[in-house]
Amino acid sequence: MVSGHFEEHEEQYMEAFYDFYEKNGDEVVRNGEVAAALKVSPASATEMIQRLAGKGYLNYEPYKGARLTASGLSFGRTMKRRHRLLEVLLVEVMNFQGDVHEAACRMEHAVDDELEWTLDELLGRPDVDPSGRPIPPPENRHSPFPKQPLVQASTLGSGQRGEILVIASPSGNKELLNSVGISIGAEILNTGSGWRVGGADIDIDDSILHKVLVKTRESL
């Protein structure tokens with residue numbers, strides 16, 4: 001969980017340090033390496049590294065470099081998780097044709113714990129981003145909402161029904177969903193032996209229903 005106030009460029013530094021951590025583990029990262037990665041001057045990098053060290057997110061050794069503290073690792077991991085979830089959203093749901101990485105960089109700073117959780121549910125809890133890189137696990141798998149209104153259709157229990165409110169699947173899957181009557185506003189029921197939509201039994205794989213979000217209704 002990310003707490004406290006962070007400026008956008010501070011978050012960029014923390015994400016950069018996490019990139020180095022993914023590649024080299026707990027090795028010290030030299031200030032010049034950070035400056036090159038973020039395309040800033042060495043003096044600017046040193047100033048920011050010292051600031052983040054003062055906040056307890058980096059262990060800084062003058063003339064050597066810095067490494068993430070435990071809290072810094074948690075923060076950097078969260079930023080990277082949000083970035084890669086956004087890349088999945090841009091590519092698989094929005095079919096974004098621009099620079100996916102840059103777009104995700106601009107968007108990630110607006111993501112809080114609630115939006116991160118909702119994105120993860122919407123996308124079917126993906127393990128990798130569109131480039132195949134692992135999406136770091138969440139710091140906390142529990143919902144930040146007192147009462148979560150939406151769940152994946154695939155998680156409905158036997159006899160439980162839900163109203164379909166969100167469909168976040170690639171276009172190919174959406175065509176399949178439409179062909180069996182799954183659309184916004186339709187009701188889906190887990191019969192215990194399969195699925196029923198609009199009174200008709202349908203044959204559909206649970207993996208496709210991971211990206212269909214519903215508002216649950218009373219069980220039968």
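Straight-line cross-link reach from LYS23 at under 30 Å between alpha-carbon atoms covers these lysines, not counting any fewer than eight positions away in the same chain: LYS39, LYS55, LYS64, LYS80.
Listed by chain and number, the aspartates and glutamates whose C-alpha is less than 14 Å from the C-alpha of LYS215, apart from same-chain residues fewer than 8 away, are GLU121, GLU163, GLU187.
Taking trypsin sites (Lys or Arg not before Pro) across the range 1-94, the ones in a DSSP loop with at most 13 further Cβ atoms lying within 10 angstrom of their Cβ are LYS39, LYS64.
Among [x] 19.4; [y] 18.4; [z] 17.5, find the value of Kirkwood radius over Cα pairs in Å that was calculated from the structure presented, and write down its label. Read-out taken from this structure: [x]. Within the shell defined by Cβ-Cβ distances under 10 Å, the residues around VAL100 carry a net charge of -4, with Lys and Arg each +1 and Asp and Glu each -1. Taking label points 7 Å from Cα along the Cα-to-Cβ direction, ILE202 and GLU22 give a separation of 3.5 nm. Of the chymotrypsin sites (Phe, Trp or Tyr not before Pro) found in the range 20-68, the ones in coil according to DSSP and having at most 14 other Cβ atoms within 10 Å of their Cβ are TYR63.
Loop-located GluC sites (Glu not before Pro) across the range 69-160 with a Cβ neighbour count of 15 or fewer within 10 Å are GLU139, with loop assigned by DSSP. Rounded to the nearest 20 debye, the dipole magnitude of the chain is 240 debye, with +1 charges on Lys and Arg beta carbons, -1 on Asp and Glu beta carbons, and the Cα centre as origin.
Summing charges over all other residues whose Cβ lies under 11 Å from the Cβ of LEU38, with Lys and Arg as +1 and Asp and Glu as -1, gives -2.
If the segment from ARG125 to LYS215 were pulled out straight at 0.36 nm per residue, it would be longer than the present Cα-Cα gap by 30.6 nm. Once the chain from PHE96 to GLU163 is taken as fully extended at 0.36 nm per residue, the excess over their C-alpha distance is 21.3 nm.
Please give the net charge around ASN24, taking every other residue with its beta carbon less than 13 angstrom from that of ASN24, where Lys and Arg add +1 and Asp and Glu add -1. After counting each charged neighbour, the total is -2. Relative contact order of the chain: 17 percent, from C-alpha pairs under 8 Å at least 6 residues apart in sequence. Candidate cross-link partners of LYS174 among the aspartates and glutamates, defined by an alpha-carbon separation under 15 Å and a same-chain spacing of 8 or more, comprise GLU92, ASP203, ASP205, ASP206.
Read-outs: derived from the displayed coordinates by stated rules, not from any lab. All figures in this text were calculated on a predicted structure; none of them were measured in a lab. Glycine gets a Cβ as well: all are built from the backbone with ideal geometry, and neighbour counts include every protein chain shown.
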